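The next block holds one structure in the form of structure tokens; read it before the comments.
Derivation of every value follows stated rules applied to the coordinates shown; laboratory data play no part. It should be emphasised that the depicted structure is a prediction, and the values quoted were computed from it without experimental measurement. Note that we place each Cβ from the backbone using ideal geometry, even for glycine, and neighbour counts take in every protein chain shown.
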């Protein structure tokens, strides 16, 4: 993946509200670090770290993400966050959404 083709937009909640534009920070990506165990055939370890060219400025709208320590146990609740569709082939949302999901083990 070409890092120069990616820009992180921090502080974005509603993609359609122009009034939110003053909160947004556009941060170029310097490097993409793909998980060493990524397997595209099985969608395992589908994760990457984006190293920014300039740091974000934390404020009321831009905060660091809280990451869990060790792997969460199967059956525990975690949250998905994004603007994606809630249905297969559905339209993406304009407002940031979150949904609780239960962790399943790799053997399931």
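When you scan segment 31-45, do you find a residue that is touching a helix residue (DSSP H, G or I) at 6+ places or on another chain (Cβ under 7 Å), farther than 14 Å from residue 9 by Cβ and surrounded by 11 or more Cβ atoms within 10 Å (Cβ to Cβ), even just one?
Checked against the condition, which is being touching a helix residue (DSSP H, G or I) at 6+ places or on another chain (Cβ under 7 Å), farther than 14 Å from residue 9 by Cβ and surrounded by 11 or more Cβ atoms within 10 Å (Cβ to Cβ), segment 31-45 yields at least one hit.
Within the bounds of segment 10-23, is there any residue that is in a strand (DSSP E or B) and touching a helix residue (DSSP H, G or I) at 6+ places or on another chain (Cβ under 7 Å)?
Scanning segment 10-23 turns up at least one residue that is in a strand (DSSP E or B) and touching a helix residue (DSSP H, G or I) at 6+ places or on another chain (Cβ under 7 Å).
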I need the full set of residues from segment 77-93 which are surrounded by 11 or more Cβ atoms within 10 Å (Cβ to Cβ) and assigned to a loop (DSSP other than H, G, I, E, B), in order please. 83, 84, 85, 92, 93
